[in-house]
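The values are calculated or read from the model by the stated rules, or taken from the named source; none is laboratory data. From a predicted model like this one, the values you see are computed outputs, not experimental measurements. For neighbour counting, all protein chains shown are included, and Cβ atoms are generated from backbone atoms with ideal geometry for every residue, glycine included. Heavy atoms of the whole protein, side chains included, go into the accessibility calculation; ligands, DNA and RNA do not. Shrake-Rupley method; radii C 1.70, N 1.55, O 1.52, S 1.80 Å.
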Amino acid sequence: MGNRTRTAILLILLAAVFYPVYPELFSAWIHQADSSHGLLVPLVSLYFVWTCRERLRQAEASSSPSGLVLLSASLIVYLLALVGDIAVVARAMIVFSLAGLVLYLYGGKIFRILAFPLFFLLFMVPVPVSVIGLVALPLQTLATMISSSLIQLCSIPVLREGNMLYFVQTQLEVAEACSGIRSIVALIMLGSIFVYFSKLGLTRKIILLCSAVPVALAANILRISGTGVLAHFYGDQVARGFLHEFSGLAVFIFGLLVLGMENVLLGRGLRFWRPRFMDGGET
């Protein structure tokens, strides 16, 4: 049996093992706005694999027993998570079992080439509702507080109570969907892509990736502040419909541009604000 045939059979068997997870996972992608990017993640991951095709042809394949250990451990954890109804763990094991299978069949050299495309698939796993509920309220409060201050800087009277902004003629609610979680997940994913393709050193790659969170928060605060200013002049209808959706797209584009500019600046080497030893000797 050829290696490709064996790989195809094992992939089909692995896909069959995880069949109980697929219906709810697809449903989350389609019906939950915060998880809709999951539909694109496998396609993006396949593109990453395609960009590695020349390196894969040149790499030597060899079986690795540690891959079998990772695969077996992932399947055991998956079964336990399935029995315990821990959806996020069961879904994540799709990725880890696939990684174990690649390592077992093709060895460490090919696994290292495919490591990023494989683990990038973790972005297709929806953030648990419990985590969203835990994080959303503090993010809502923070965004509302800062947005209220920014709106007041524009000489617009506004009163904040909880996550509500009260203007003279209207009011605006900063709902859970406006907490910024969606922007954070999306920009961390984009930051990972920038890091993968960039030629930066390790330290700068970490800086670029970690900056995705404050960039997302800042973009979301600007969105809320801008919506508040418009609501003061034109009423709360600006917070609904097309303008609301457009502002969400604007946040995404803003974050993308900031990450892109940061990637360029880091690539040019901003050594005037950091000691040389932090670059690990990179030039």
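All but one of (1) open to solvent by 60 Å² or more (accessible area, probe 1.4 Å); (2) at negative phi; (3) at pLDDT below 90 hold for Asp85; which doesn't?
(2)
For segment 226-265, how many residues meet the condition of being open to solvent by less than 30 Å² (accessible area, probe 1.4 Å), closer than 24 Å to Phe197 by Cα and at pLDDT below 80?
Within segment 226-265, residues that are open to solvent by less than 30 Å² (accessible area, probe 1.4 Å), closer than 24 Å to Phe197 by Cα and at pLDDT below 80 number 1.
Which residue is farthest from His232 (Cα to Cα), if the candidates are limited to segment 159-173 and must be open to solvent by 70 Å² or more (accessible area, probe 1.4 Å) and either touching a Lys or Arg at 6+ places or on another chain (Cβ under 6 Å) or not basic (Lys, Arg) (or both)? Steps first, please.
Filtering segment 159-173 down to residues open to solvent by 70 Å² or more (accessible area, probe 1.4 Å) leaves 159-161, 166, 168-169, 171, 173.
From the residues that got through so far, the ones that are either touching a Lys or Arg at 6+ places or on another chain (Cβ under 6 Å) or not basic (Lys, Arg) (or both) too are 159, 161, 166, 168-169, 171, 173.
Working: Leu159: 12, Glu161: 17, Tyr166: 9, Val168: 7, Gln169: 7, Gln171: 8, Glu173: 13 Å.
Taking the candidates together, the pick is Glu161.
Need the failing condition index for Val102 against (1) of a type in the set (Val, Ile, Thr); (2) open to solvent by 30 Å² or more (accessible area, probe 1.4 Å); (3) without any contact (Cβ under 8 Å) to a residue 40 or more places away in the chain, just the number.
(2)
Quick check on this structure: which one of Pro138, Pro128 is under 18 Å from the mean Cα position of the chain (by Cα) and surrounded by fewer than 19 Cβ atoms within 10 Å (Cβ to Cβ)?
Pro128
Which of the residues that make up segment 148-158 are surrounded by 12 or more Cβ atoms within 10 Å (Cβ to Cβ) and either farther than 14 Å from Leu222 by Cα or touching a strand residue (DSSP E or B) at 6+ places or on another chain (Cβ under 7 Å) (or both)?
Those that are surrounded by 12 or more Cβ atoms within 10 Å (Cβ to Cβ) and either farther than 14 Å from Leu222 by Cα or touching a strand residue (DSSP E or B) at 6+ places or on another chain (Cβ under 7 Å) (or both): Ser148, Ile156, Val158.
Only residues that are open to solvent by 70 Å² or more (accessible area, probe 1.4 Å) and in a helix (DSSP H, G or I): list them for segment 177-202, please.
Filtering segment 177-202 down to residues open to solvent by 70 Å² or more (accessible area, probe 1.4 Å) leaves 182, 197, 199, 202.
Matches in segment 177-202: Arg182, Phe197, Leu202.
Provide a single number: the residues in segment 26-43 that are modelled with pLDDT of 90 or more, surrounded by fewer than 17 Cβ atoms within 10 Å (Cβ to Cβ) and closer than 23 Å to Ile113 by Cβ.
Qualifying residue count, segment 26-43: 2.
Given the conditions (1) open to solvent by less than 60 Å² (accessible area, probe 1.4 Å); (2) under 25 Å from the mean Cα position of the chain (by Cα), which single one is not true for Leu10?
Going through the list (1) open to solvent by less than 60 Å² (accessible area, probe 1.4 Å); (2) under 25 Å from the mean Cα position of the chain (by Cα), Leu10 breaks only (2).
Listed residues Leu46, Leu68; which is outside any loop (DSSP other than H, G, I, E, B), within 20 Å of Phe194 (Cβ to Cβ) and modelled with pLDDT of 90 or more?
On the way: Leu68 fails: within 20 Å of Phe194 (Cβ to Cβ).
When all the criteria are applied, what remains is Leu46.
Before we move on, is Leu208 surrounded by fewer than 21 Cβ atoms within 10 Å (Cβ to Cβ), part of a helix (DSSP H, G or I) and at pLDDT 80 or above? Lay out the reasoning, then the answer.
On the way: surrounded by fewer than 21 Cβ atoms within 10 Å (Cβ to Cβ): no; part of a helix (DSSP H, G or I): yes; at pLDDT 80 or above: yes.
Criteria not met by Leu208.
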